[in-house]
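Beneath this line is the structure, given in structure tokens, with notes to follow.
The values are calculated or read from the model by the stated rules, or taken from the named source; none is laboratory data. Remember, predicted model here, so these are calculated numbers, not experimental data. Neighbour counts are summed over all protein chains in view; Cβ atoms, including those assigned to glycine, are modelled from backbone coordinates with ideal geometry. In case anyone asks, the SASA skips ligands and DNA or RNA and just uses the protein heavy atoms, side chains included. Shrake-Rupley method; radii C 1.70, N 1.55, O 1.52, S 1.80 Å.
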Amino acid sequence: MSRRKIKTTSQIKKIASGLHRQGKKIVFTNGCFDLIHFGHVMYLEKARSKGDILILGLNSDSSVKRIKGNKRPIVSQDDRAGVLEALESVDYVVIFNEDTPLETIKAIKPDALVKGSDWKKNNIVGAEFVRSYGGKIYTITLASGRSTTNLINKIVKTFKN
């Protein structure tokens, strides 16, 4: 696998700047994407439909551990990034180590910021910054019953004993 879509923050900042100059509408979303499932795929396709280019901010292993606890992530950041970059809807993946993607959002200056409908628009990290220059904030309805936590619980229940 070439890993051509996986970029550092400094690389994605330069790429985003060039895309802005070309008049491309950049969409940004982020998450842990541990145990990638069909709900993730549907979410990313909907996010991509909000613009021309989808940049996905991926929480690093250390970031996931701080947010979700010591038992997570189940899948390493390199493997998660590799699966995500294989998706047609994802144009670029950038891994961030912080607990939130705010610095990445500031580097990219997306035209649209997307999160799941489980987030209130005013609580979305980076929303105020994106709105400050006229960017749009979108929430996308999540696929019912599909979550990494539900998947983990199902695996544990199924294979217990």
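In a fully extended conformation the segment linking residue 38 and residue 14 would gain 5.5 nm over its present Cα-Cα distance, using 0.36 nm per residue. Residues 151, 84 ordered from highest to lowest accessible area at a 1.4 Å probe: 151, 84.
Here the gap between residue 100 and residue 49, fully extended at 0.36 nm per residue and compared with their Cα-Cα distance, gives a gain of 16.0 nm.
Computed with a 1.4 Å probe on the full set of protein chains, the accessible area for residue 38 sits at about 110 Å². Take every pair of alpha-carbon atoms less than 8 Å apart whose residues are at least six positions apart; their mean separation over the length of the chain yields a relative contact order of 28 percent.
Per-residue surface analysis assigns residue 133 an accessible area of about 90 Å², computed on protein heavy atoms at 1.4 Å probe radius. The trypsin sites (Lys or Arg not before Pro) of the range 33-138 that meet both conditions, a loop assignment by DSSP and at most 10 other Cβ atoms within 10 Å of the site Cβ, are 71, 120.
For the chain, the Cα gyration tensor yields ellipsoid semi-axes of 26, 17, 15 Å (square root of five times each eigenvalue, largest first, whole Å). All C-alpha to C-alpha distances of the range 34-127, sorted into 10 Å bins beginning at zero, yield P(r) values of 15, 48, 35, 2 percent in whole numbers.
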